[in-house]
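Encoded as structure tokens, the structure appears first; notes follow it.
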Amino acid sequence: MIDLHAHLDLYPDPIATTKECVERNLFVLSVTTTPSAWSGTAALAKDAPRIRTAIGLHPQIAQERHGELALFDELLPQSRYVGEIGLDGGSELKNTWEVQRRVFDEILRMCGAAGGRILTIHSRRAATPVLECLASREDAGVAVLHWFSGSQRELQRAIDQGCWFSVGPAMLASEKGRAMAAAMPPDRILTESDGPFAQVDGRSLVPWDTAIAERALAEIWGVTAAEAQQRLLGNLRRLVSLAAPSPRSSNDL
Ligand code: MN
């Protein structure tokens, strides 16, 4: 199983959750919301070759944490993965929009200068501006749009721009989310939990809940769960092969 977007450091017991991911043989992309959280979060997975830790700066806290951009740049050589980054167009964040844009663009610039990264991207109510930023920084790497909730037209633009997608149980619980997933190229989809933020039936999702997303995708694709699993593993291998090598690279993720 694959969880391409989980906040392991934000679970009530991060060590126990990480341990269970290892026991269940999960591939996890452990994302961070600030550069200063990266070292501690990466340490959680130091003995877990299937868990990688992405360096992030979440758009919802860009306003408070933009001072950490220098640290972001300093840490960037240590990971092939970046996220959670992006833009959030929610009305409650309107007064932070300019800072969000500057932070996102600066991060994309740094990723390009570093040779490209795999990026896990937040685009809530901001799909078009996110796609515009990505188009202007093509060398930033491979963009994986997590929990994409734009319009079908924006989805088509994302597909045309070469974006990948990660979808989880919360997104696939709605008719709209399933329709969105059905319109995504099956060879550019991965599963995610977005736990512990994302919930289903009032419960925070855990990384192994991606099994629910696997089953939903199998249904959408009209294949067996085992076939869906194989397809997703193939997608993961291809995605990883697109990333520039880093000093700590290995074959497992
Ligand atoms: Mn997230």
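Any read-out appearing in this document is the output of simple, stated calculations on the displayed coordinates, not a laboratory observation. Just so it is clear, the model here is predicted, and its values are computed rather than measured. Every residue, glycine as well, gets a Cβ built from its backbone with ideal geometry; the counts of neighbours run over all protein chains shown.
Order the peptides 219-232, 54-67, 6-19 from the highest to the lowest mean number of other Cβ atoms within 10 Å of their residues.
Details: 219-232: 15.1, 54-67: 21.2, 6-19: 18.2.
Descending packing order for the listed peptides: 54-67, 6-19, 219-232.
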For the stretch 189-234: span of alpha carbons on each principal axis (Å, largest first):
29, 19, 14
Cα coordinate range in the stretch 2-241, projected on the principal axes (Å, largest first)
46, 42, 36
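Please give the direction-averaged projected area of the C-alpha convex hull for the stretch 3-69, in square nanometres with one decimal. Intermediate results must be reported in sequence, preceding the final value.
On the way: hull surface 17.6 nm².
So the mean shadow area of the Cα hull is 4.4 nm².
Based on the Kirkwood radius over alpha-carbon pairs, what value in µm²/s does the Stokes-Einstein equation return for the translational diffusion coefficient of the stretch 51-130 at 10 °C and 1.306 mPa s?
Working: Rh = 12.5 Å.
Value of D from the Cα-based Kirkwood radius: 127 µm²/s.
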Chymotrypsin sites (Phe, Trp or Tyr not before Pro) restricted to the stretch 19-89 and DSSP loop, no more than 10 other C-beta within 10 Å
none
Hey, what did the stretch 112-253 get for relative contact order, percent, Cα under 8 Å, at least 6 apart?
20 percent
Set of lysines with alpha-carbon distance to LYS19 below 25 Å, sequence-local pairs under 8 removed
LYS46
The farthest towards the positive end of the charge dipole of the chain, of the residues SER166, GLN156, GLY177, given +1 on Cβ of Lys and Arg and -1 on Cβ of Asp and Glu, is GLN156
In the stretch 107-196, which trypsin sites (Lys or Arg not before Pro) are in a loop and have at most 15 other Cβ atoms within 10 Å, using DSSP for the loop call?
ARG125
